[in-house]
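Just so it is clear, none of the values below were taken in a lab; they were calculated from the coordinates. Just so you know, these numbers come straight off a predicted model, no measurement behind them. For neighbour counting, all protein chains shown are included, and Cβ atoms are generated from backbone atoms with ideal geometry for every residue, glycine included.
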Amino acid sequence: MQRLNDRVALVTGGSSGIGNAIAAAFGREGADVVVADVRREPKLDDERSVFDKLDEADAESLFVETDVTDETAVREAVEAAVSEYGGLDILVNNAGIYYQYEAHETPTEEYDAITNVNLRGTFLCSKAAIPELKDSENAKIINLSSIFGLVGGGSSAAYCASKGGVSNLTRQMSLDYADDEINVNAIAPGIIKTAQNVEWRENNPEIVADWEAKTPWPRFGEPEDVAAVAVFLASDESDFITGDILSVDGGWTAQ
């Protein structure tokens, strides 16, 4: 039996990487999927379109061009989901960006860009979705934090600040909406092979060696590893789990 039958999911940043895998997995589990992203197609030409995957799963899907830093655009994405499918049950706040700098070398405009997308975007999407989620009998919010929202990471001051904010925003929203039975959890991925880090993986052997040394499991993660956890958190199986940050990191944060 499909675990997300008759549920409507909105996935931000769903065209590429982890978001692509989550959206596709939701479709395979029976959900109607709204992909909210600044682009319809993946960042890399060799990554399969999420809509090809959703079509293969015979899943209903909708694309809404959405900048998660734009409150009007976010509200319109939620309205599109409700208009198309009659409601909203699941919000996945996946959209994110990453620039690598130490604090004193971080350009202020890039600090602002990271926090605007990663943290403010999570807040804005949640703010827009919660009134609709309150009407759902299966309401779930799944935020994408990071191992660097739990521990420090090399030369990643702005990213760590934004993802640390996502982690604690998750905890606070879980308390605020417990009476409404909206489960609010986050996933903290470790090194996952995505378009966001492909250049480093292909051209920076020293960085890759450092990542391997810090990941006890003998491989890096795949987007599907994160998607499987997202399906669990979106399903009835997680109904008594809220306010948690689940690490999907091959043991990175266990050390």
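Overview of results
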| read-out | value |
| --- | --- |
| Entries in Lys134/Lys193; Lys53/Lys193; Lys43/Lys193; Lys163/Lys193 that, when Cα-Cα distance is taken, lie over 23 Å | Lys134/Lys193 |
| Cα-based helix-to-principal-axis angle, 205-214 vs the chain, degrees rounded to 10 | 70 |
| Derived scalar couplings ³J(HN,Hα) [the stretch 181-197; Karplus, 6.51 cos²θ - 1.76 cosθ + 1.60; whole Hz; x for Gly, Pro] | 6, 9, 6, 10, 9, 9, 10, 10, x, x, 7, 10, 6, 9, 4, 5, 10 |
| GluC sites (Glu not before Pro) restricted to DSSP loop in the stretch 114-185 with at most 15 other C-beta within 10 Å | Glu137, Glu181 |
| Around Leu54: net Lys/Arg minus Asp/Glu count, Cβ-Cβ under 11 Å | -3 |
| Over the stretch 8-246, relative contact order from alpha-carbon pairs under 8 Å, at least 6 apart, % | 20 |
| For the chain, size of Cβ-based charge dipole, Lys and Arg +1, Asp and Glu -1, in debye | 580 |
| Choice from Ser16, Ser136, Ser162 with maximal GNM fluctuation in the chain (Cα, 10 Å cutoff) | Ser136 |
| Environment charge of Arg39, counting only residues whose C-beta is closer than 13 Å and scoring Lys/Arg +1, Asp/Glu -1 | -4 |
| Cα-based Rg / Dmax (Å) for the stretch 8-246 | 16.9, 50 |
| Candidates Ala228, Ala213, Ala161, ranked by Gaussian network fluctuation over the chain, Cα under 10 Å, top entry | Ala213 |
| Long-range amide H partners of Ser247 with built H, under 5 Å | Ala188 |
| Between helix 223-234 and the chain: long-axis angle, C-alpha atoms, 0 to 90°, nearest 10 | 40 |
| Between helix 71-85 and the chain: long-axis angle, C-alpha atoms, 0 to 90°, nearest 10 | 50 |
